[in-house]
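Inspection log for the structure reproduced underneath, given as structure tokens.
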Amino acid sequence: MHEDLFSDIAAAVRSERTLLVLPCCAQKSTSGTAPAPPASGVLDALPASLAVELREARRRNADAAGVDEQRPRPAIDRYTGTLYQALGDAARDRLERGPAVILSGGYGLVEPSEPIGWYEQRLQPGRWPGGLLPRALAAYAEHHRCDAVVALVSATGPYQQIVRRARWPATVATGWLVGPTDVGGGAMVKTPRALGEALEAACRSRLSGEWRSSDGVALDAVPLS
């Protein structure tokens, strides 16, 4: 692997022209605030017809996901698994400034600062038919005129499938799937922790080919093509 690859990825992560993509997680905070007027979110960045499609898909999935929006909370605070626990101030600031999205079992696609309710539903692409989430990802990137994509996801599973299926706009010249390699035992904890720590390291210009997570996990990067 090219020596400077992860330095290039770290530079892309810090760029405001790069779309960051993260997975959601099963562990969630149950606290929140009283409902407020609707805040901006992913729907505002999509073409009108696609926004309607995503809104309707969210509505259809709400019962199965057990969505409870009585006490909404920004997505970055709703998710409390090891990935989100590992985020430091630099990563949180970058995610909140955007452009960035979280692939969500209950909402499909959300911005980190977007208020969401509590739910219990793994991401299942079949619940978002017609390639809805890949299309929404690509449209979101086009809206923000992104020239790169960095998806911090596991090498297997629905998250990487959705990212790979996106037909990115012509402005997106480069992209990577970045995930842990050779995790060994305890992958359910080590993998997301490595992703969160890697994002923090990238935001602080500390990501390199020699980087290892606190569990000793290395990274792999696969170009999006």
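The values are calculated or read from the model by the stated rules, or taken from the named source; none is laboratory data. Please read all numbers here as calculations on a predicted model, not as lab measurements. Cβ sites come from the backbone with ideal geometry, for glycine too, and all protein chains shown count toward neighbours.
Descriptive notes on the structure:
- So Arg206, is it farther than 30 Å from Ala48 by Cα, of a type in the set (Lys, Arg) and part of a loop (DSSP other than H, G, I, E, B): yes
- Output for segment 182-193, where each listed residue is of a type in the set (Gly, Ala, Ser) and either under 19 Å from Ala10 (Cα atoms) or exposed (fewer than 13 other Cβ atoms within 10 Å of the Cβ) (or both): Gly184, Gly185, Gly186
- Qualifying residue in segment 7-15 (condition: touching a Pro at 6+ places or on another chain (Cβ under 7 Å) and at pLDDT 95 or above): no
- The combined condition, being over 16 Å from Leu199 (Cβ atoms) and buried (at least 23 other Cβ atoms within 10 Å of the Cβ), is not fulfilled by Trp168.
- Leu123 being buried (at least 24 other Cβ atoms within 10 Å of the Cβ) and more than 19 Å from Thr171 (Cβ to Cβ): no
- Test: residue in segment 156-171 that is over 30 Å from Pro47 (Cβ atoms), among the aliphatic types (A, V, I, L, M) and either outside any helix (DSSP H, G or I) or free of Cβ contacts under 8 Å to residues at least 40 places away in the same chain (or both): no
- Ala138 aliphatic (A, V, I, L, M), part of a helix (DSSP H, G or I), under 17 Å from the mean Cα position of the chain (by Cα) and surrounded by fewer than 22 Cβ atoms within 10 Å (Cβ to Cβ): yes
- Within the set Gly196, Gly179, the sole residue that is surrounded by 16 or more Cβ atoms within 10 Å (Cβ to Cβ), more than 14 Å from Ala148 (Cα to Cα) and without any contact (Cβ under 8 Å) to a residue 60 or more places away in the chain turns out to be Gly179.
Here is a yes/no grid of residues against (1) of a type outside the set (Lys, Arg); (2) surrounded by fewer than 22 Cβ atoms within 10 Å (Cβ to Cβ); (3) touching a residue at least 60 places away in the same chain (Cβ under 8 Å):
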site: Arg71; (1), (2), (3): no, yes, no
site: Arg78; (1), (2), (3): no, no, no
site: Thr82; (1), (2), (3): yes, yes, yes
site: Ala86; (1), (2), (3): yes, yes, yes
site: Asp89; (1), (2), (3): yes, yes, no
site: Glu96; (1), (2), (3): yes, yes, no
site: Val101; (1), (2), (3): yes, no, yes
site: Leu109; (1), (2), (3): yes, no, yes
